[in-house]
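S.K.: Right, I'll just put the structure down here and ask away after.
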Amino acid sequence: NSTGATHPLALAPVIAPPSTVDGFVREFLQNLNLERGVTLSASNPNDRYIALAYTVRDYLVARWLEDQRRQRETQAKGVCYLSAEYLLGRQLDNNLLASGLTDIATDALAACGIDIGELRELEVEPGLGNGGLGRLAACFIDSLATMSVPNVGYGIRYEYGIFRQTFVGGQQVEQPDAWLSLGSPWEFPHPEAAQTISFGGHTETYDDGGVTRNRWVPGWDVEAVPYNYMVPGYQNGRVNTLRLWSAKATNSFDLRVFNSGDYEEAVRAQTFAENISKVLYPEDSTPQGKELRLQQQYFFVAASIRDFLDHQLLPDFDLTKLPERVIFQLNDTHPVIAVPEFMRVLTDEKGMDWDAAWAITQQCFAYTCHTLLPEALEVWSVDLLGRLLPRHLEIIYRINEEFLVAVRERFGDDEMRIRNMSIISEFPERSVRMAYLATVAGAKVNGVAELHSQLLRDKVLPDFDEFYPGKFTNVTNGITPRRFVRLANPQLSGLITEALGGGWLTDMERLRELEAYAEDPDFRAAFAEVKAANKRRLNDVLLARDGFEVSDGHMLDVMVKRLHEYKRQMLKLLHIVTAYEGIVSGAVAASDVQPRTFIFGAKAAPGYAMAKRIIHLINAVGSVVNDDPRVEGRLKVLFPPNYNVTLAERLIPAADLSEQISLAGKEASGTGNMKFALNGALTIGTDDGANVEIRQLVGDDNFFLFGMSEPEVEGLWARGYKPSEFYQADDHLRRAIDLIASGAFSDGDKSVFEPIVSNLLYDDRFMVLADYSAYIDAQAKVDAAYADQDAWTRSAILNVARCGFFSSDRSMRDYIERIWHTPPSL
Ligand code: T68
């Protein structure tokens, strides 16, 4: 008690939060007064939302402070998760659930005459990520908190997250995502704790009492201001931290320019510095080789490492003990510049010798790879790195030099192999292969599903696998059941709890017990009613949001994910066009067709022309199909814009069929596939990513597998793939493609979608045409299966029962056991 306080309240570690309706009402009203400066009657909905958020926050904060104190005291080993993206989704409901306050808050607000549901809709989700990778990070930190594992998530507080997607004339138009414009009640800014992060300049050697040492003389710097977010565990009293950095111009910047008397230049300089955390790069599965992106990466990892070393460790911490205290997990290559930064701090700043520092580094980092696409592996030109981070480039060179010496010792002067394994590649320009750097530095390297990890070892990094036996491992992805089952699907959760009792949300393998219920007709009826209710709820959401109607009695066939050629939204579209063409040509009687509503959700990277064209085509096919009376009541295509976490939470629980149709060997894992299965949708999918494991678990009878396997894909490439041969050989395919080419979906203008058609016919990198007929056949099986509703429901229940494995709690257990060795700290 360093303040000399004597009051008993001041002596308690934290102030007790409200946990009754009355207490909640009082605190809510107080927050309206004190934080918003309004009375209840004068408040607007945003005031109320913020006061509500503060009230929940106040409740959690006591636990949070206590957990931070305890962590400082115990110095238990923890995970520093380094990720450029966290796709968090809305916070209010999650934090209410975690704190167990949902009912109290609902009643308290009702007593104030407020419908909590309306306030919920005011929250703009923080979309600080692109897709699966960013959402995975958010699921992982939820699970770590729920499992009481010490963890800080480090990242960037982008002022603008993933763009808001609108459609104009069926084409994607991007709008800025000003998620902070009404304030963010969940964050705790700490400008006083800013770190100074340097860039540019040059390196030099100097004499340090007879020893020649290296140092960096930077050219410019910015401030990294931490914004802390609470990451509450599920009703376990644990609250971890997410720390996101925001860039601010340093005083030195202002001062220098001020002295030169150039006011306009001073403002420009400020803008330049603050640009670093201005906007999330909206590219997914393709790296952006932009200088600003490298600035972002270095900015957040340098601030995070310094934060950890200077503020999380006790002052006299023995740095040689770091591997017992921390593991830095690299979420893809985006934070890999942390490796030379860590080496620089240990050697140049802390005076440790190189070998000791390198030995520590190799135990303190681990790397997760999320792709197999060669073009997605990040590289930075030596030229750019040398300009922006000259000392780091020197360090990378030395790491590489020593690594290649070791490779030569092991494999001899096999120059081909040396060139293949070098962290520095020479073509097309001299550059640093960040995945190689991460692999050399990391204690472990993991892929994100069994197949992906295998292909990573066999195809992407085989020399490294041979050189480092035991370094490569797998951790199959997972999703948090709190958000994606309990919050997204309260009715299903209620039904499960009725059957199994409580406790399953943190022990998802218990869902297995539902297998027996699949045989119970009453349970099946209740399950089917939940699905129907979720469809009605989706109808309400889409009607309010986009004016769309979800027709009763339709199968909901859903494909939601980033728009990318490898994911093959085109294959889905060819199926729709085939179904449409079949009816309008008279080949198929409309009355014989199972009524289906196809729902797409997908953002395309703004610079990805083909992806944007495909979006245009989906909308074009949708408007023709939806306006054609010949298919009315049978086929419908809905493409709600701006698919995000919030919409996912509404869409997924309503889905009957989950589309997971990437070309085998291209989707690292997928996580949407897991969310659908756990919400009782059946999957139609290829043998790719985690689909493989889903199918193994749910069984072939409860999964619609189609298409080439990865070795078959390789075989077809090797033989020489000619998509036009498939076009020629298949009547249905030819008619579907011809219909698109004819201008039927573009008011007769054949040029609009010509690039898509010629790409399919003459290139088709992702073999859409090769898998088309298998896909159409599998869809016929889907139709037949759906005709027996009761059998379908049984399969859906078995999907839920057998997919407990895909809880991110299990992923975390695997990371802890195979990579981190960080037990819970209670
Ligand atoms: C995804 N990757 C994988 N990348 O595609 C998916 N990329 O199979 C996997 O399930 C998921 O990661 C989680 O492991 C991505 O989402 C990106 O978002 C991305 C962002 C920037 C640059 C490159």
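The values are calculated or read from the model by the stated rules, or taken from the named source; none is laboratory data. Just so we're clear, the structure is a prediction, and the values are computed from it rather than from any experiment. Using ideal geometry, Cβ is built from the backbone for each residue, glycine included, and neighbour counts are taken over all protein chains shown.
S.K.: So which of THR241, THR250 is at pLDDT 95 or above and buried (at least 19 other Cβ atoms within 10 Å of the Cβ)?
M.R.: Values: THR250 fails: at pLDDT 95 or above.
The match here is THR241.
S.K.: Next question. Going by the conditions given, is LEU798 under 26 Å from ASP627 (Cβ atoms), modelled with pLDDT of 95 or more and of a type outside the set (S, T, N, Q)?
M.R.: no
S.K.: Given the structure, is GLU85 acidic (Asp, Glu) and either in contact with a Pro (Cβ under 7 Å, 6 or more places away or on another chain) or within 16 Å of the ligand (Cβ to nearest atom) (or both)? Spell out the reasoning first.
M.R.: Working: acidic (Asp, Glu): yes; either in contact with a Pro (Cβ under 7 Å, 6 or more places away or on another chain) or within 16 Å of the ligand (Cβ to nearest atom) (or both): yes.
Criteria met by GLU85.
S.K.: Could you identify the single residue in GLN91, GLN68 that is more than 20 Å from the chain's Cα centre (by Cα) and modelled with pLDDT of 95 or more?
M.R.: Numbers: GLN91 fails: more than 20 Å from the chain's Cα centre (by Cα).
Of GLN91, GLN68, the one residue that is more than 20 Å from the chain's Cα centre (by Cα) and modelled with pLDDT of 95 or more is GLN68.
S.K.: Looking at region 653-675, which of its residues are within 13 Å of the ligand (Cβ to nearest atom) and within 16 Å of SER493 (Cβ to Cβ)?
M.R.: LYS675
S.K.: On the phi > 0 side of the Ramachandran plot and not assigned by TED's automatic domain parsing to the domain that holds LYS603: which single residue out of GLN296, GLN312, GLN235 fits that description?
M.R.: Answer to the selection: GLN235.
S.K.: From TYR158, TYR81, TYR54, TYR86, grab the single residue that is modelled with pLDDT of 95 or more, closer than 30 Å to THR320 by Cα, crowded, with 21+ Cβ neighbours inside 10 Å and not small (Gly, Ala, Ser). Can you show your working first?
M.R.: Values: TYR158 fails: closer than 30 Å to THR320 by Cα; TYR54 fails: closer than 30 Å to THR320 by Cα; TYR86 fails: closer than 30 Å to THR320 by Cα.
From the options TYR158, TYR81, TYR54, TYR86, the qualifying one is TYR81.
S.K.: Scan region 269-290 and report the pairs whose first residue is touching a residue at least 24 places away in the same chain (Cβ under 8 Å) and whose second residue is within 9 Å of the ligand (Cβ to nearest atom) and hydroxyl-bearing (Ser, Thr, Tyr), with Cβ atoms within less than 7 Å and a gap of 6+ or a chain change.
M.R.: SER285/THR371
S.K.: Which residues, taken from region 442-470, are in a loop (DSSP other than H, G, I, E, B), away from the ligand (no atom under 14 Å from the Cβ) and of a type outside the set (Lys, Arg)? Give the derivation first.
M.R.: So the first thing to find is which residues in region 442-470 are in a loop (DSSP other than H, G, I, E, B), and the list is 442-444, 448-449, 461, 468-470.
Then keep just the ones that are away from the ligand (no atom under 14 Å from the Cβ); that gives 442-444, 461, 468-470.
Scanning region 442-470 gives GLY442, ALA443, LEU461, TYR468, PRO469, GLY470.
S.K.: When you scan region 292-306, do you find a residue that is over 22 Å from LEU393 (Cα atoms), of a type in the set (D, E, K, R) and either buried (at least 17 other Cβ atoms within 10 Å of the Cβ) or within 16 Å of the ligand (Cβ to nearest atom) (or both), even just one? Let's see the steps before the verdict.
M.R.: Restricting attention to region 292-306, the residues satisfying the condition of being over 22 Å from LEU393 (Cα atoms) are none.
No, region 292-306 has no match at all.
S.K.: Separate question: Return the residues of region 596-628 that are surrounded by fewer than 21 Cβ atoms within 10 Å (Cβ to Cβ), in a loop (DSSP other than H, G, I, E, B) and in contact with a strand residue (DSSP E or B) (Cβ under 7 Å, 6 or more places away or on another chain); say none if nothing qualifies.
M.R.: PRO606
S.K.: Taking into account only those residues within region 801-826 that are in a loop (DSSP other than H, G, I, E, B) and polar (S, T, N, Q), which is surrounded by the most Cβ atoms within 10 Å (Cβ to Cβ)? Even if it seems obvious, please write down each step before you answer.
M.R.: Taking region 801-826 as the starting set, the residues that turn out to be in a loop (DSSP other than H, G, I, E, B) are 803, 821-826.
From what is left, the residues that are polar (S, T, N, Q) are 822, 825.
Values: THR822: 21, SER825: 16.
Once the filter is applied, the top-ranked residue is THR822.
S.K.: What is the one condition in (1) over 19 Å from THR371 (Cα atoms); (2) in contact (Cβ under 8 Å) with a residue 12 or more places away in the chain; (3) assigned to a helix (DSSP H, G or I); (4) of a type outside the set (Ser, Thr, Tyr) that GLU429 does not satisfy?
M.R.: (3)
S.K.: Residues to consider are LEU314, LEU319, LEU372, LEU346; find the one that is more than 29 Å from the chain's Cα centre (by Cα), surrounded by 18 or more Cβ atoms within 10 Å (Cβ to Cβ) and over 16 Å from VAL440 (Cβ atoms).
M.R.: Working: LEU314 fails: surrounded by 18 or more Cβ atoms within 10 Å (Cβ to Cβ); LEU319 fails: surrounded by 18 or more Cβ atoms within 10 Å (Cβ to Cβ); LEU372 fails: more than 29 Å from the chain's Cα centre (by Cα).
Every option except LEU346 fails the conditions.
S.K.: A follow-up question, please. Condition first: in a helix (DSSP H, G or I), exposed (fewer than 15 other Cβ atoms within 10 Å of the Cβ), among the aromatic types (Phe, Trp, Tyr) and not assigned by TED's automatic domain parsing to the domain that holds ALA668. Can you find one or more residues in region 411-425 that meet it?
M.R.: The answer is yes; a qualifying residue exists.
S.K.: Checking the structure you have, find out if any residue of region 190-210 is aliphatic (A, V, I, L, M), within 20 Å of the chain's Cα centre (by Cα) and surrounded by 14 or more Cβ atoms within 10 Å (Cβ to Cβ). Give the derivation first.
M.R.: Restricting attention to region 190-210, the residues satisfying the condition of being aliphatic (A, V, I, L, M) are 193-194, 197.
When the remaining residues are screened for being within 20 Å of the chain's Cα centre (by Cα), the result is none.
No, because not a single residue in region 190-210 is aliphatic (A, V, I, L, M), within 20 Å of the chain's Cα centre (by Cα) and surrounded by 14 or more Cβ atoms within 10 Å (Cβ to Cβ).
S.K.: A follow-up question, please. The conditions are (1) away from the ligand (no atom under 15 Å from the Cβ); (2) surrounded by fewer than 24 Cβ atoms within 10 Å (Cβ to Cβ); (3) touching a residue at least 40 places away in the same chain (Cβ under 8 Å); (4) over 18 Å from MET230 (Cβ atoms), and THR106 fails exactly one of them. Which is it?
M.R.: (3)
S.K.: Considering every residue within region 393-401, establish whether at least one is over 24 Å from ASP332 (Cβ atoms), in contact with a strand residue (DSSP E or B) (Cβ under 8 Å, 6 or more places away or on another chain) and assigned to a helix (DSSP H, G or I).
M.R.: So far as region 393-401 goes, yes, one or more of its residues are over 24 Å from ASP332 (Cβ atoms), in contact with a strand residue (DSSP E or B) (Cβ under 8 Å, 6 or more places away or on another chain) and assigned to a helix (DSSP H, G or I).
S.K.: Can you work out which of the residues in region 347-374 that are aromatic (Phe, Trp, Tyr) and in contact (Cβ under 8 Å) with a residue 60 or more places away in the chain is nearest to the ligand (Cβ to nearest atom)? Don't jump to the end; show me each part of the working.
M.R.: If we filter region 347-374 for residues that are aromatic (Phe, Trp, Tyr), which is where we start, we get 354, 358, 365, 367.
Now restrict to residues that are in contact (Cβ under 8 Å) with a residue 60 or more places away in the chain: 365, 367.
Working: PHE365: 18, TYR367: 13 Å.
Applying the filter and picking the extreme gives TYR367.
S.K.: Out of LYS675, LYS666, I need the residue that is among the basic types (Lys, Arg) and over 23 Å from ASP809 (Cα atoms). Which one?
M.R.: Only one candidate qualifies: LYS666.
S.K.: Kindly indicate whether any position in region 471-479 is away from the ligand (no atom under 16 Å from the Cβ), touching a residue at least 12 places away in the same chain (Cβ under 8 Å) and part of a helix (DSSP H, G or I).
M.R.: No, the conditions are met nowhere in region 471-479.
S.K.: A further question follows. List the pairs whose first member sits in region 164-185 and is more than 22 Å from GLU35 (Cα to Cα), whose second member is assigned to a strand (DSSP E or B) and among the basic types (Lys, Arg), and whose Cβ atoms are under 8 Å apart, counting only residues at least 6 apart or on separate chains?
M.R.: Matching pairs, first to second residue: GLU174/ARG164; GLN175/ARG164; PRO176/ARG164; ASP177/ARG164.
S.K.: From (1) within 23 Å of SER808 (Cα to Cα); (2) crowded, with 19+ Cβ neighbours inside 10 Å, pick out the condition that doesn't hold for GLY699.
M.R.: (2)
S.K.: Please go through region 480-520 and pick out each residue that is in a helix (DSSP H, G or I) and within 16 Å of the ligand (Cβ to nearest atom).
M.R.: Filtering region 480-520 down to residues in a helix (DSSP H, G or I) leaves 481-487, 490-500, 504-506, 508-517.
Matches in region 480-520: ARG483, PHE484.
S.K.: Then there's this: Please report, ordered by residue number, the helices (runs of 4 or more DSSP H) entirely within region 252-349 with at least 2 residues that are within 30 Å of GLU73 (Cα to Cα). Before you say what the answer is, go through the steps one by one.
M.R.: On the way: elements: 263-274, 291-307, 338-344.
So the answer is 291-307, 338-344.
S.K.: Which numbered condition in (1) without any contact (Cβ under 8 Å) to a residue 24 or more places away in the chain; (2) among the β-branched types (Val, Ile, Thr); (3) not in a helix (DSSP H, G or I) is the only one that VAL752 fails?
M.R.: Of the numbered conditions (1) without any contact (Cβ under 8 Å) to a residue 24 or more places away in the chain; (2) among the β-branched types (Val, Ile, Thr); (3) not in a helix (DSSP H, G or I), the odd one out for VAL752 is (1).
S.K.: Turning to a different aspect of this structure: GLU817 fails exactly one of the following numbered conditions: (1) free of Cβ contacts under 8 Å to residues at least 12 places away in the same chain; (2) assigned by TED's automatic domain parsing to the domain that holds GLY689. What is the number of that condition?
M.R.: Checking GLU817 against (1) free of Cβ contacts under 8 Å to residues at least 12 places away in the same chain; (2) assigned by TED's automatic domain parsing to the domain that holds GLY689, the one that fails is (2).
S.K.: Checking the conditions here, which among LEU385, LEU377 is touching a helix residue (DSSP H, G or I) at 6+ places or on another chain (Cβ under 8 Å), of a type outside the set (Ser, Thr, Tyr) and within 16 Å of the ligand (Cβ to nearest atom)?
M.R.: The match here is LEU377.
S.K.: Please verify whether region 552-570 includes one or more residues that are at pLDDT below 95 and under 27 Å from LYS675 (Cβ atoms).
M.R.: Applying the first criterion (at pLDDT below 95) to region 552-570 yields 552-553.
This time we only want the ones that are under 27 Å from LYS675 (Cβ atoms), so: 552-553.
Yes, region 552-570 has at least one match.
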